[in-house]
Each structure stands twice: as C-alpha cells, then as structure tokens.
Amino acid sequence: MTDVDRIVRVRAATILHQLQVPIVFGTWIMRHREFLLVRVDSESGLSGFAFGLTRDGPSAAIVDRTIAPQYVDQDVDDPEASFFKALWSNNAVHAAGIGMRALSVVDIAAWDLAAKAKGQNITAYLGGERVRMPVTGIVGYPPSISPEETVAQIDALWAEGWRRFKLPIAPTRDESIARLRAAREAYPDAWLGIDANFLHKTSADAIEFGKRLDGLDIGWFEDIVPPGDAQMVREIREGISTPVAMGDEQGGSYHPQALLKFDAVDYNRLDATTNGGITRLRPIMRQVKEHGNKITTHMYPHVHSQVLGALGYTDVPIEWGIPYTGVHPMDDPLIQPTVRDGLMDPLPDLPGFGTLVEPVWISEQHQVTDPDDLLGDL
C-alpha cells in the first residue's frame, strides 16, 4: 500500500499593480491590474502556484470561503477530482463568472503541485512533448501611444524573430485605424490582429468599425462586444469580412457551447485562468476542434505554451506582452521567450510550470493583500 500525498492548505493573495499610464477602452478604464495569486500546499512540503487577473472581483474571498475547504485532504495526484468536488459544492457561484475564475486559478496551482510531486515539468506530466510554438507579440501598449511608437515596438520584436503582432483598440477609432495602417505599411508580411476590448455594444456599431478594417489584411477582430450575446456576435461575423475571435473573460455556464451553436466566431479564444483551469481546457478544445473552429489563447504564456503543447495543439499562437508596458505585469519579471522565425523555444525544463512567482518583484511597489502569509517563506 502506497502513501498518498494530500493537500493540506490552499491560500490566496492579491497583487495590485498600479499602471503608469491608465488604459482606457471606452467606458472601461484601468488604472491598475490586480492579480489573484494562489498557493496549494501538500503534506510532503511541496507547493503549487498560479495567478490570474481578478478584474477587481473578490476572487481571493471566494477561494478562501468556498473553494479552499473542498481541496483540503484531497489527493495531490488527482487535481481533476479536486476540481469537480469544488465545482459541484456550490453550483450557483462556481459554475461561471468570478467563481469559475477563482476555481480556475486554484486548479492550475493544483496541477502545478501534482507535476512537481512527480518531479516532472507540466508538459511531461500531461503526457506530451515540449516543442517550438508560434508566438504573438502584444504591441501598442499603452493604447495611447502613436502609430510611430507602435511601429517602433514592432521593429524591436521583428529584429528578434517575431512575426505576429496584435494591437489593442486606441482611444479613438481613427487612431486605431491609423496605428493598424502604419503597422501594415511597415510590415506587409506580418500577421496583424486587433483587440476591441469589448468597446462596441451593438452589432451595428461593431460592423461599422469592422468594415474599416477591410484592405488592412487583419487576422482577426477580437473581443468585439461584451460576453453574453452569441446571436449578436453572429450578426457581427456575418456583417464583416475580417475573422472574429471571442471568448476572453468567459468560462463555465454554456461556454463555449453558445458561441459554437450560433456559429458566432472563427476563432475561439481560450484562457485556462477563466475557462476552468487545466481540467476544463482539454474538453473545451476538443469541442472547438470538432466544430471546425480554430483555437487561440489569451495571455498567460507560461501556462498556455506548456499545456497546449502537451495536449497536441502545437500550432496555437502563444501571446506575450512587451514587459513593463502594462499589458500583463505579473509576467514581466518571469522568464521571457527565445524566438526564432516566429516560433518560441520551449521554456526551461523545470518541475511543474517552473517559476510563476517572483516575490522580490511582488514586494516592490505593489499593494499586496496576503492575510495568510502565502508569500512569507518564498
């Protein structure tokens, strides 16, 4: 009879990073980016970690109150069972929204712990091989920078071997088109995409702007309207020629089934930190593939590059922000990719996901809420 290593504690903290330049997407104004940081500890003394954006929701409180108790005393080597035990313990809160977001981050930390317990990197633990994968550089941050500054960011990445670039919507629609046009004129062979960050609220408004993308050879028009109305997204897709990509910030109830049912998108955007962690990612990707849609992921490159490669989706582009431009601050102090000819080399072969927490960076100039001393011994 073998001893079973069990989970003894789940802790949550929040890390608030003040942005030097506020990010304005219409009525959505971000002056900071706040992250949920989760730690799952085992009897053997190992710990798994993960983080995700809170979007200013009470993620840590949900982890502490309704999720952590469900994980305690569970088998370290069975994160899937722990996920469903927690999911089904509160069908109202955990099924979607902020509850699913909190549970997703805990799930990733539990998988990190499970792989570490076996002494394997997460790709090997999931039964896959580490390979080179395509990458997309997120440029144009802060969104208020000029077309010339945006092209300068692309210049630097292109020289390093990057070939795909995505821009956020700018403060005005004319500025958005100007930045895309400047990028396209400077780099006619580059893949370019645009992220609307849910700026549009009606199909008519989105279609009007979408038609302005004609002639710019845009790879996709992303996060066009707020989540919740697949029929509206379908109307937009039918009204423009640029491919549609949606799915960010979603997870749980009827995701991605609604988008698939309505044939609303060309690309399903997936995010392990909101869609149900590693546990839910595999069946979601299977649904998307069987429907005939393409898959792309939202940020979290240290997680997505290692997991999607393991599951065989090696052609999915992995998104990386330019460090210290405000795109995704928790990634900034972590290892950055080596890129050649548009493909990133595998990240270092380390147990679990490798290093996902940089405590020195967190302690410097950040507002940290850590009631259970998650960071205390790091």
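The values are calculated or read from the model by the stated rules, or taken from the named source; none is laboratory data. As the structure is a computational prediction, the values presented were derived from the model and not from experiment. No Cβ is skipped: glycine too gets one built from the backbone with ideal geometry, and neighbour counts run over all protein chains shown. Accessible surface is based on the protein model in full, side chains and every heavy atom, while ligands, DNA and RNA are left aside. Shrake-Rupley method; radii C 1.70, N 1.55, O 1.52, S 1.80 Å.
Annotations
- Taking GluC sites (Glu not before Pro) across region 20-126, the ones in a DSSP loop with at most 14 further Cβ atoms lying within 10 angstrom of their Cβ are 43.
- Between residue 212 and residue 55, the contour length at 0.36 nm per residue exceeds the Cα-Cα span by 53.5 nm.
- Accessible-area composition of the chain, carbon plus sulfur, in percent [1.4 Å probe]: 49
- Estimated FRET transfer efficiency when R0 is 25 angstrom, pair residue 32-residue 262 (beta carbons, to 0.05): 0.10
- A compact globular protein would have a Cα radius of gyration near 2.2 N^0.38 Å; the ratio found for region 10-57 is 1.53.
- With contacts taken as Cα pairs under 8 Å and at least 6 residues apart, the chain reaches a relative contact order of 21 percent.
- Computed magnitude of the charge dipole of region 165-303 (debye, nearest 20; Cβ of K, R +1, Cβ of D, E -1): 400
- Amide proton proximity set for residue 19, modelled H, under 5 Å, gap of 5+: 32, 33
- Taking the square roots of 5 times each eigenvalue of the Cα gyration tensor of the chain, largest first, gives ellipsoid semi-axes of 34, 22, 20 Å.
- Computed [θ] at 222 nm, helices only, for the chain once each DSSP H run of length n ≥ 4 contributes -39500 (n - 2.57): -9500 deg cm²/dmol
- Rough spin-label spacing in nm, given labels placed 7 Å along Cα→Cβ, for residue 377 and residue 282: 3.1
- Looking at region 275-378, the accessible area is 42 square angstrom per residue; that uses a 1.4 Å probe and ignores ligands, DNA and RNA.
- Relative contact order, percent, region 305-370 [alpha-carbon distance under 8 Å, six or more residues apart]: 24
- Each part gets one Cα centre, and for region 35-71 versus region 148-174 those centres are 34 Å apart.
- Computed E for residue 89/residue 253 - FRET, C-beta separation, R0 22 angstrom, nearest 0.05: 0.85
- Region 11-120: chymotrypsin sites (Phe, Trp or Tyr not before Pro) falling in loop per DSSP and having at most 13 other Cβ within 10 Å: 88
- Our estimate of slack between residue 350 and residue 118, defined as 0.36 nm per intervening residue step minus the Cα-Cα distance, is 82.4 nm.
- Between region 202-255 and region 17-33, the Cα center-to-center distance that results, in Å: 23
- Relative contact order of region 262-378, pairs being alpha-carbon contacts under 8 Å that are 6 or more residues apart, as %: 18
- For region 117-226, the spread of Cα coordinates along the three principal axes comes to 52, 35, 24 Å, biggest extent given first.
- Using the Cβ-Cβ distance between residue 178 and residue 341 with R0 set to 25 Å, the FRET efficiency from 1/(1 + (r/R0)^6) comes to roughly 0.30.
- Accessible surface, region 171-255, averaged per residue in Å² (probe 1.4 Å): 42
- Inter-centroid distance (Cα atoms) of region 87-109 relative to region 119-146, Å: 24
- Spin-label pair residue 6-residue 204: with each label point 7 Å from Cα along the Cα-Cβ axis, the two points sit 6.2 nm from one another.
- Coarse-grained scattering of region 214-309 at q = 0.16 Å⁻¹, given as base-10 log I(q)/I(0) from a Debye sum over alpha-carbon atoms: -0.62
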